[in-house]
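To start, the structure under review is shown below, and the notes come after it.
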Amino acid sequence: MKEFDTNWTKEELKVYILIFCANADFSESKVETAFIKSKTIGYSFERIHDEFDKDNDYQSIQKIRLTLEKYGYLKDDTGRLFKEVKELFLSDGQYDILEQNLFRGLNHIFG
């Protein structure tokens, strides 16, 4: 599990999750990127995005899952994350089947 350890802050975890979700349909739009940047501290976006670009889906899911556990996210915390993920999916005016499927999958990851 060491390869999936992160030293992210909660803010950086949120950035990673939003980037992961923005790429659900294999296309991160400018609108989605702007949305993520508006919800985050600017400096972490580029660094976290670079890390995301190096990870495959399995690595991304493991990092998200383990970091959520590390911080002991509660139902209220994940509820706020889900709200921002839903806003992200709707930000470009499309909510396609890939995004819908990822949203369902996040239910399982977030527990």
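Values quoted throughout were computed directly from the atomic coordinates according to the rules given, and no laboratory measurement underlies them. These figures come from a predicted structure and were not determined experimentally. Glycine also receives a Cβ, built like all others from the backbone with ideal geometry; neighbour counts cover every protein chain displayed.
What 222 nm value per residue comes from the helices of the chain, counting each DSSP H run with n ≥ 4 as -39,500 (n - 2.57) and dividing by all residues, nearest 500 deg cm²/dmol?
On the way: 6 runs with 80 residues, N = 111.
It lands at -23000 deg cm²/dmol.
Taking the Cβ of each residue in 39, 30 as the centre, tally the other Cβ atoms inside 10 Å and list the residues starting with the fewest. Please list the in-between numbers first.
Values: 39 15, 30 8.
Listed from fewest to most nearby Cβ atoms, that is 30, 39.
Normalised by the residues of the range 2-110, what does the relative contact order come to in percent, with Cα pairs under 8 Å and at least six apart?
Working: 78 pairs, mean separation 45.8, N = 109.
Normalised by residue count, the contact order of the range 2-110 is 42 percent.
Among the aspartates and glutamates, select those whose C-alpha is under 13 Å from the C-alpha of residue 70, and discard any that sit fewer than 8 residues away in the same chain.
Leaving aside aspartates and glutamates fewer than 8 places away in the same chain, those within reach of residue 70 are 5.
Which order results if 81, 18 are arranged by neighbouring Cβ count within 10 Å, fewest first? Kindly include the intermediate steps, with their values, before the conclusion.
On the way: 81 19, 18 25.
Least to most surrounded, the residues fall as 81, 18.
Here are a few candidate values for volume of the Cα convex hull per residue in Å³: (i) 95; (ii) 106; (iii) 120. Which one was actually calculated from the structure I just gave you?
Only one listed value fits the structure, namely (i).
Based only on other Cβ atoms within 10 Å, what is the fewest-to-most ordering of 86, 54?
On the way: 86 14, 54 7.
Final ranking by Cβ density, sparse to dense: 54, 86.
In whole angstrom, how far apart do the alpha carbon centroids of the range 1-48 and the range 81-111 sit?
The distance from the Cα centre of the range 1-48 to that of the range 81-111 comes to 14 Å.
Among the aspartates and glutamates, which have Cα under 18 Å from the Cα of residue 30 when same-chain residues fewer than 8 positions away are ignored?
Reachable aspartates and glutamates: 46, 50, 53, 84, 87, 92, 96, 99.
Cα gyration tensor of the range 40-100, axes a ≥ b ≥ c as square roots of the eigenvalues: rounded (a/c below 1.5), prolate (a/b > b/c) or oblate? If you can, show how the numbers build up before the last one.
Values: a/c = 1.41, a/b = 1.11, b/c = 1.27.
Judged from the Cα gyration tensor, the range 40-100 comes out rounded (a/c under 1.5).
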